[in-house]
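Read-outs: derived from the displayed coordinates by stated rules, not from any lab. This is a predicted model, so every value here is computed, not measured. We place every Cβ from the backbone using ideal geometry, glycine too, and count neighbours over all the protein chains shown.
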Number of protein chains: 2
Amino acid sequence: MWMPGDRLPSRAQLAQECGVTDGVVRRAQEALIAQGVLEGRAGSGTYVAQRRERVRITRSPRRERADGSPFAADVAEAGMRGTWESRTDGMVPAPPGIAARLGIAEGDYCVRTTYEFLADDKPVQISTSWEPYDITAGSLVMLPEAGPLAGKGVVRRMADIGITVTRAVERPEPGHANAEEAHLLGIQRGSLVTRIQRTYYSDDGRPVETADIVVPAGLGEIVYEVPVSP
Amino acid sequence: MWMPGDRLPSRAQLAQECGVTDGVVRRAQEALIAQGVLEGRAGSGTYVAQRRERVRITRSPRRERADGSPFAADVAEAGMRGTWESRTDGMVPAPPGIAARLGIAEGDYCVRTTYEFLADDKPVQISTSWEPYDITAGSLVMLPEAGPLAGKGVVRRMADIGITVTRAVERPEPGHANAEEAHLLGIQRGSLVTRIQRTYYSDDGRPVETADIVVPAGLGEIVYEVPVSP
DNA sequence: TCGAATTTGTGCGTATGTATC
DNA sequence: GGATACATACGCACAAATTCG
C-alpha cells in the first residue's frame, strides 16, 4: 500500500479516520519509528523509511592484517564504495577517560581525529580517534589522514615508524543515539547504536591508539571472528 | 542522603513536596531507572539500585583455548564464583533463523540448551544454545551439561568426538530487555542489553553450535581481543 | 522576504490496571 | 480484602521545524 519514501497522512487526519485522538497515532508511530519502519521529520511529515542495506563490519586477525583501510574492505564486500571524511586536531589535551585508556596522564597532548565513514555517500559510522602526541610527533605519519600512508589504517602507519601493533581490544556497548550522533548519521534521535571503545596495543604492551566508534544498529552489522587455536 | 537499597518516598508524596503532578515525578524516575540508578517495584516502591560490579566477559583466542568453562574463567577474574543452571531438550525442530545459522534444513532436529549464568549467585547473562542433533547423536557429549565433559565448553566437547573447532563468529547487537529476559536477569524491563549471536565452526567449515546470548549492559562488560598478525 | 498554516516533537496531567503489603 | 504504590495508556497544550503562498 505505502512504499518506502511515501509520506503518511498527518496525525490529525489519521486520528480522525481511526476515531482516536492524535496522541494514540503519535505513540503508534513512535513505536514504528523506534523499529526503523517509519521516519519522522519535524514540520514535514511522517514517512515510510527507506530500506537500507546493512554494512557488515568485520573484525578478525585477517582483516587487521590487510594493507588498506579496514572500513574500505568492509564496504567493498557489500559491493559498495567506501569513503570517509576526517578532521584532525594536532595538540589536544587528553580528557580523563581517554588518558586512562592510553596509559598517559590527564592533560597530556594527543592527536585527535574525528571521522565520518560513508558507504555510497551515505553515513554508516562515526568515530573519534586519539593517539598520544609523543608517539608520532615529528614523523610523517603524525597526521593520520595526510601524507603517503593516509587511509592505510593504524597498524600500517605505526609500522612505518618502527612500532609493531600486535593486538586490538574492542569493547562494544549498547546505547541510544544522541542529537549530535543522530544528525551526523542521518538517523532518528534515540535509535539503538553500538558504541565501541577500541584500543590498539604495540608489542611492548603500550596503547598506541584508542577510538570511540558509533555504529547504528540499522546501518551496520558488527561481526567478530575469534580463532580457536588448538 | 539516600543509600543503595533505600526506598524513596512515594510518587504522590514527592509530587506534593515539589509542587508538580505525579506524572512529572514518574518520568524523572523513569529516566533514572533507565540509567540503572533507581529501581521500581510495582506495588512496593521505588528504590535506590544496588551497586553491582560488572563482570568482564572476554573473547579471545587464548580464552577459547582454555580447558574449563569460558564463563567460569571470566567470573574468576573478577574474584567471584561462577555457576550456571541449564535445561536441555533433546530433539527440538530448528526454527528458521537457527536452521540458517547452522546450515541445516528448517525443522531438522537440534539439541537445545538454555542457560542462566550466575556470578556469586546473581544472574549475569542468559543464553540459548543449539546443536544439530546428528552431530552428537549417540555420543557421550550429546547432552552439553551431563556426563564427563559437562561444563567444559563446546570446543572441548566437540574435540571428544573428533571434531576440531577452529573459529567462533560473534555478532553483537544492541537491544532492550523484554519482560522474560528482565525477569530472568533481575533487571528492569527495557534496560539496555547486548544480544550476541555466536556460532562455532569446525575445521571443515561446518557450523557445529550456535547460541543467542543476552548480556545486560549494567551487568556485563564485553571485551573482544583481536590479534594482529604481522 | 516574510509570515501564516501545517506537521512533528516534547512535556504535562489524568484515569485505569495491576502488583504488593 | 482493603489500601497503597508503581505501570500503562490516553488526552491535551505548546514549542520547534518546515512548507508555501
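Summary of computed values
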| quantity | calculated |
| --- | --- |
| Kirkwood estimate for region B:55-224, i.e. one over the average of 1/r between Cα atoms, Å | 16.3 Å |
| Chain A, closest residue to the rotation axis toward B, by beta-carbon, whole angstrom | A:Pro174, 2 |
| Neighbour-count order for A:Ile163, A:Ile57, fewest beta carbons within 10 angstrom listed first | A:Ile163, A:Ile57 |
| Per-residue [θ]222 nm for the protein assembly as shown (sum of -39500 (n - 2.57) over DSSP H runs n ≥ 4, rounded to 500) | -6500 deg cm²/dmol |
| Debye-sum result for region B:1-99 in log10 I(q)/I(0), which assumes one identical scatterer on each alpha carbon, at q = 0.15, 0.23 Å⁻¹ | -0.82, -1.14 |
| In nm, spacing of pseudo-spin labels at A:Asp121 and A:Arg206 (7 Å Cα→C-beta vector) | 4.4 nm |
| Other copies of B:Ala34: label-to-label distances in nm, shortest first, labels 7 Å along the beta-carbon direction | 0.9 |
| Taking B:Leu185, B:Leu140 and counting other C-beta atoms within 10 Å, the order from fewest to most | B:Leu140, B:Leu185 |
| Shortest-first distances to equivalent copies, position B:Ala150, nm, label 7 Å out along Cβ | 6.2 |
| The protein assembly as shown: mean projected area of Cα convex hull, nm² | 27.1 nm² |
| Neighbour-limited loop hits for chymotrypsin sites (Phe, Trp or Tyr not before Pro), region A:1-82 (at most 14 other Cβ within 10 Å; DSSP other than H, G, I, E, B) | A:Trp2 |
| Residue-span extension gain [B:Glu77 to B:Ala105] - 0.36 nm each, minus C-alpha spacing | 6.1 nm |
| Region B:55-224, relative contact order [Cα under 8 Å, separation at least 6], % | 23 percent |
| Peptide A:170-179, shielding by other chains (average Cβ, 10 Å cutoff) | 5 |
| Packing-based exposure ordering (other Cβ within 10 Å, fewest first) of B:Cys110, B:Cys18 | B:Cys18, B:Cys110 |
| Label spacing, shortest first and in nm, from A:Gln50 to its equivalents in the remaining copies (7 angstrom along Cα→Cβ) | 4.9 |
